[in-house]
Amino acid sequence: MERLRRPVVIIAAFAVSLAVGLLLMTWLMGDLRKVAAPAAIGGPFQLADQSGQVVTEKNLKGRPTLIFFGFTHCPDVCPTSLFEISEVLRALGKDADKVNAYFVSVDPERDTQAAMKDYLSSFDPHLKGLTGDPEHVAKVLSAYRVYARKVPLKDGDYTMDHTALIYLMDRDGNFVSPFNLKRTPEEAAKDLKRYL
């Protein structure tokens, strides 16, 4: 009987120490995620909007911000997303003045300020198009963890493969979550108003 009890005690002690260790690791990892989350997406940047005004991360402070990364030669995803953002801004009514909405180019080679101005004339006037030299754009893409890659086409032209999320940033300029546009503009506007 004594010979059976000893292995059971050893196994029970191991199981208890393993459970305590797992709980401790879960608790520590949870706290580490809370500390790291605000800095994980976003950071300092300097670009210009379609009218030549300099825009930096400081412009995100004081109001919630929607940011979409794309390019003016995009055949489908970008114009659809910008239309949907425009519909949310329309649904906000006067509150649209209290929200930042940025379309950041992943194709600075073609997306000049003039090209952005012309392209965005088809969307809500609250939308600002941000572009800059390739180094400044690359810095923003890196800070926001955006994937963007030039894809050559057969005719010698190219398109861009890129992340197609809408980023929601809070009034302090911190990333909240991807913003869901797969609902009515009114539902999305109501959700966005929570961050005003």
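The values are calculated or read from the model by the stated rules, or taken from the named source; none is laboratory data. This structure is a prediction, so every number in the text was calculated from the model and none was measured. When we count neighbours, we look across all protein chains shown, and the Cβ atoms used for this are built from the backbone with ideal geometry, even at glycine.
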Query raised in the report: In this structure, is residue 178 farther than 17 Å from residue 72 by Cβ, surrounded by fewer than 19 Cβ atoms within 10 Å (Cβ to Cβ) and touching a strand residue (DSSP E or B) at 6+ places or on another chain (Cβ under 6 Å)?
Result: no
Query raised in the report: Does at least one position in region 111-123 carry a residue that is surrounded by fewer than 22 Cβ atoms within 10 Å (Cβ to Cβ) and of a type in the set (Val, Ile, Thr)?
Result: yes
Query raised in the report: Before we move on, is residue 131 of a type in the set (Val, Ile, Thr) and either surrounded by fewer than 19 Cβ atoms within 10 Å (Cβ to Cβ) or within 15 Å of the chain's Cα centre (by Cα) (or both)?
Result: no
Query raised in the report: Which condition breaks for residue 128 when tested against (1) free of Cβ contacts under 8 Å to residues at least 12 places away in the same chain; (2) under 22 Å from residue 42 (Cα atoms)?
Result: (1)
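Quick check on residue 155: is it surrounded by fewer than 18 Cβ atoms within 10 Å (Cβ to Cβ) and at pLDDT below 95? Let's see the steps before the verdict.
Working: surrounded by fewer than 18 Cβ atoms within 10 Å (Cβ to Cβ): yes; at pLDDT below 95: yes.
Criteria met by residue 155.
If only one of 181, 168 is within 24 Å of residue 44 (Cβ to Cβ) and touching a residue at least 40 places away in the same chain (Cβ under 8 Å), which one is it?
Numbers: 181 fails: within 24 Å of residue 44 (Cβ to Cβ).
Of 181, 168, the one residue that is within 24 Å of residue 44 (Cβ to Cβ) and touching a residue at least 40 places away in the same chain (Cβ under 8 Å) is 168.
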Query raised in the report: Of the conditions (1) out of contact with any Cys (no Cβ under 9 Å at 6 or more places or on another chain); (2) in a strand (DSSP E or B); (3) under 21 Å from residue 191 (Cβ atoms), residue 94 fails just one. Which one is it?
Result: (2)
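If I ask for residues that are outside any loop (DSSP other than H, G, I, E, B) and surrounded by 19 or more Cβ atoms within 10 Å (Cβ to Cβ), which ones from region 68-83 would you list?
Filtering region 68-83 for residues outside any loop (DSSP other than H, G, I, E, B) gives 68-70, 77-83.
68, 69, 70, 78, 81, 82 - these are the residues of region 68-83 that are outside any loop (DSSP other than H, G, I, E, B) and surrounded by 19 or more Cβ atoms within 10 Å (Cβ to Cβ).
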Query raised in the report: Would you say residue 137 is buried (at least 20 other Cβ atoms within 10 Å of the Cβ) and either over 16 Å from the mean Cα position of the chain (by Cα) or in the same structural domain as residue 177 (by TED's automatic domain parsing) (or both)?
Result: yes
Query - Residue pairs meeting the criteria (Cβ under 9 Å; at least 6 apart or on separate chains; first in the same structural domain as residue 146 (by TED's automatic domain parsing) and among the charged types (D, E, K, R), in region 62-74; second assigned to a loop (DSSP other than H, G, I, E, B) and surrounded by fewer than 19 Cβ atoms within 10 Å (Cβ to Cβ)) - result: 63/171; 63/195; 63/196
Report summary line: Requiring at least 2 residues that are under 21 Å from residue 59 (Cβ atoms) and of a type outside the set (Lys, Arg), the strands (runs of 3 or more DSSP E) wholly within region 122-196 are 127-130, 166-169, 175-178
Query raised in the report: From the set of residues in region 48-66 that are buried (at least 22 other Cβ atoms within 10 Å of the Cβ) and touching a Gly at 6+ places or on another chain (Cβ under 9 Å), which is nearest to residue 128 (Cα to Cα)?
Result: 50
